[in-house]
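First comes the structure, then the notes that go with it.
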Amino acid sequence: PLCPPHPRRLARLCVHRTEPRAHTDGGQLYPFLFAMRTCVAARVVSAPVARGRRSRAKTTQQLRSRTTTFASDAPLTVKTSVQSRTTRTEGRPVYSPDSYQDICFHAYQSVADGLGDGLRLMEVEFPAVPGEDASYKAASDMYIDLNIQYALTVFSKIHKETGKTCELLVPDGPEYRRAKKIFANSLELSEGCVLNTLDGQKTEAVGSFLGKVFGGKGLRTRTDDVEGEGFGNADIFCVVNLSCVDLPVVERFVNEQLGGRPLVFLNNELDTLRADLGLFSFPEKDVHYRFLSQIKPVYYLRTRAYSRTINVSPFVINYSGAVFREYPAPWQVMVKQNTGELVCVAEDDDRFTLGEAKEEMLIALGLADEDGSTMQFLRSGYKTNTWWEEESEQEQFDSWRT
């Protein structure tokens with residue numbers, strides 16, 4: 001069973017610390033799970049580890065870090081109900097949305113706060129399909145359809161509460177016509193939301209189609225200036241279901257069509273798209289440095305699952321968690337418990353890299369290797385960050401990190 005929080009800290013499990021964090025749970029390992037699977041619980045004896053997350057050179061505010069400690073007295077009862085902006089500024093000690101309706105509502109709150117603060121480029125990211133292996137087994141059409149439905153849910157609420165209208169942008173005409181057919185009823189019932197394409201071309205002439213194919217431009221190239229139906233007078237734009245080759249098109253849309261209006265990237269898996277930049281036939285890495293680095297994540301929930309080998313039974317420990325951010329709160333590292341709740345184990349004003357998030361989870365579990373040890377190097381390797389997570393002088397903005 002999970003240990004409940006100390007009575008003095010029922011309201012908040014996460015606290016600020018100024019000294020380096022140390023492993024203080026006496027080697028007790030609690031069972032964790034990823035999605036709906038329950039991992040084997042075990043007791044592991046581990047040497048205490050003292051370590052603090054590195055600070056970034058570009059940070060303009062004093063970084064904060066906090067950890068979760070457990071005691072054994074009062075029962076734990078935490079709700080993920082509606083929270084005011086003031087309450088959400090401090091972050092969530094425990095996060096356990098009951099449904100995707102809750103997730104969409106929390107995303108709406110973060111987007112609304114971003115709009116109120118004048119943010120222009122925002123990112124909303126959460127798992128589109130529930131389940132541990134959904135990312136590998138689910139059909140692409142399921143992602144496409146669900147993301148459009150999520151966008152309609154979020155921005156219908158935005159229109160209801162603020163009166164702002166939204167255009168949902170899909171990459172091209174074929175996707176537009178498919179979505180228009182599937183979501184005809186939903187679009188009629190969703191006030192303030194209309195569907196459009198990134199280039200404003202809802203249809204494509206046969207001559208233009210054949211010209212692209214036989215001219216070697218491919219089916220997804222949209223660099224020609226073809227007069228089309230254009231864009232409406234929406235107050236907000238939301239783009240969904242992008243691929244890596246669509247990123248320059250989005251950048252051109254921002255520079256030429258957006259006109260200072262907000263644009264929200266919803267469930268486009270921008271980190272996955274960043275990984276393709278610089279590869280053969282894909283856009284160059286500079287797209288991240290000059291464009292993607294401007295996009296501020298306002299609601300971000302990225303779940304990860306890992307395994308750790310140990311020299312006692314059960315020998316393999318499965319654990320999971322998430323990197324979480326709910327604007328205007330700081331970035332948080334969450335560890336998933338066997339009840340399905342995500343519990344905060346660390347937070348920072350700057351974004352955690354995946355390597356840093358994994359390390360924070362290991363520290364919370366008492367499974368981290370001694371700092372600077374050979375085993376730590378052998379497990380983590382020489383390079384622990386991706387190219388876009390590393391500090392670079394080419395990066396023109398740091399909005400995506402903060």
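The values are calculated or read from the model by the stated rules, or taken from the named source; none is laboratory data. Since the structure is predicted, the reported quantities are computational estimates derived from the model, not experimental observations. Note that we place each Cβ from the backbone using ideal geometry, even for glycine, and neighbour counts take in every protein chain shown. Quick note on the areas: whole protein, heavy atoms, side chains included, nothing else; ligands and nucleic acids left out. Shrake-Rupley method; radii C 1.70, N 1.55, O 1.52, S 1.80 Å.
Would you tally the residues in the range 167-194 being under 19 Å from Asp246 (Cβ atoms), in contact (Cβ under 8 Å) with a residue 40 or more places away in the chain and either among the aliphatic types (A, V, I, L, M) or crowded, with 21+ Cβ neighbours inside 10 Å (or both)?
5
Modelled with pLDDT of 80 or more and in contact with a His (Cβ under 6 Å, 6 or more places away or on another chain): is that true of Glu191 in this structure?
Against the criterion (modelled with pLDDT of 80 or more and in contact with a His (Cβ under 6 Å, 6 or more places away or on another chain)), Glu191 qualifies.
Where residues in the range 365-402 are surrounded by 16 or more Cβ atoms within 10 Å (Cβ to Cβ) and of a type in the set (A, V, I, L, M), which of them is modelled with the lowest pLDDT?
Filtering the range 365-402 for residues that are surrounded by 16 or more Cβ atoms within 10 Å (Cβ to Cβ) and of a type in the set (A, V, I, L, M), the one modelled with the lowest pLDDT comes out as Ala368.
May I ask you to verify whether Tyr319 is more than 14 Å from the chain's Cα centre (by Cα) and on the phi < 0 side of the Ramachandran plot?
Taking the combined requirement at face value, the residue satisfies it.
Can you give me the ranges of the helices (runs of 4 or more DSSP H) entirely in the range 38-153 with at least 3 residues that are at pLDDT 95 or above and in contact with a strand residue (DSSP E or B) (Cβ under 7 Å, 6 or more places away or on another chain)?
The qualifying helices (runs of 4 or more DSSP H) are 100-116.
Find the residue count for the range 299-358, including only residues that are acidic (Asp, Glu) and assigned to a strand (DSSP E or B). Outline the logic, then answer.
Quick first cut of the range 299-358, residues acidic (Asp, Glu) only: 326, 341, 347-350, 356.
Okay, now just the ones that are also assigned to a strand (DSSP E or B), so 326, 347-348.
Residues in the range 299-358 being acidic (Asp, Glu) and assigned to a strand (DSSP E or B): 3 in total.
Output the residues belonging to the range 254-270 that are in contact (Cβ under 8 Å) with a residue 60 or more places away in the chain and either farther than 17 Å from Gly118 by Cα or of a type in the set (Asp, Glu) (or both).
Within the range 254-270, Leu266, Asn267, Asn268, Glu269, Leu270 qualify.
List, please: which pairs have Cβ atoms under 7 Å, are six or more places apart or on different chains, and start with a residue in the range 145-157 that is farther than 14 Å from Ala184 by Cα and end with one that is open to solvent by less than 10 Å² (accessible area, probe 1.4 Å) and part of a helix (DSSP H, G or I)?
Tyr150/Cys104; Thr153/Cys104; Val154/Cys104; Val154/Ala107; Val154/Val111
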